[in-house]
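Derivation of every value follows stated rules applied to the coordinates shown; laboratory data play no part. Given the structure is predicted, the values throughout are model-derived calculations rather than measurements.
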Amino acid sequence: MKTLADAFEHTLQDVYYAENAIVKALPKVIDAVSNADLKSALKDHLGETKGQIKTLQAVFKSLGKKASGEKCDAIEGLIKETKGVIEDSNGSVAKHAAIIGCCQAVEHYEISRYGTLREWAKALGKTEAHELLRRSWIRKKRRTTNSPTSSSPEINKTTR
């Protein structure tokens with residue numbers, strides 16, 4: 001990468017790959033939980049992630065580019081960690097709490113990427129891309145404060 005435009009395009013491809021990888025991984029996470037609220041929140045997240053992919057496709061289109069992903073080692077690592085948590089956890093309370101922690105890591109990764117892309121789009125004068133990414137960033141931030149996957153006092157209380 002030599003320019004901000006190169007970094008922007010690379011990171012956009014990275015996030016596109018990540019969102020698609022999350023869509024593939026979430027059904028297994030959903031199947032691994034028994035808590036109804038957590039299962040519902042994960043299903044909601046799956047639907048929102050599919051919407052994020054459509055938003056990213058619109059960003060690519062606004063740039064005159066075809067939507068494509070580039071392998072994202074960060075999301076691969078977070079997904080691998082989540083798989084390990086599912087495999088290694090015996091008690092449902094501990095497993096649910098650990099899965100919530102993994103979901104928080106994914107959400108914070110996404111927030112940082114969307115925030116970065118939003119600002120780079122603005123700096124590059126990509127007005128439509130900036131607005132789409134700004135809305136995605138706001139949705140992601142809201143999700144982290146309004147979802148059982150962001151904080152679950154009920155599950156956390158029972159682990160004490």
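Helix-derived [θ] at 222 nm for the chain: sum -39500 (n - 2.57) over DSSP H runs of at least 4, divide by residue count, nearest 500?
That comes out to -28500 deg cm²/dmol.
For the chain, list the DSSP H helices whose alpha carbon atoms reach 27 Å or more along the long axis and whose average Kyte-Doolittle value is 0.0 or above?
What comes out of the filter, once short or polar helices are dropped, is 4-32.
Can you pick out the pairs among LYS65/LYS126; LYS50/LYS122; LYS28/LYS66; LYS39/LYS71; LYS83/LYS141 whose Cα atoms lie more than 20 Å from each other?
Cα-Cα > 20 Å for LYS50/LYS122; LYS28/LYS66; LYS39/LYS71; LYS83/LYS141; rest within.
For semi-axes √(5λ) of the Cα gyration tensor in Å, which listed value, [x] 86, 11, 8; [y] 29, 18, 14; [z] 31, 15, 13, comes from the coordinates shown?
For semi-axes √(5λ) of the Cα gyration tensor in Å, the calculated option is [z].
Taking the Cα centroid of the stretch 1-57 and of the stretch 63-111, what is the distance between the two, rounded to the nearest whole Å?
Each part reduced to its Cα centre gives a spacing of 9 Å.
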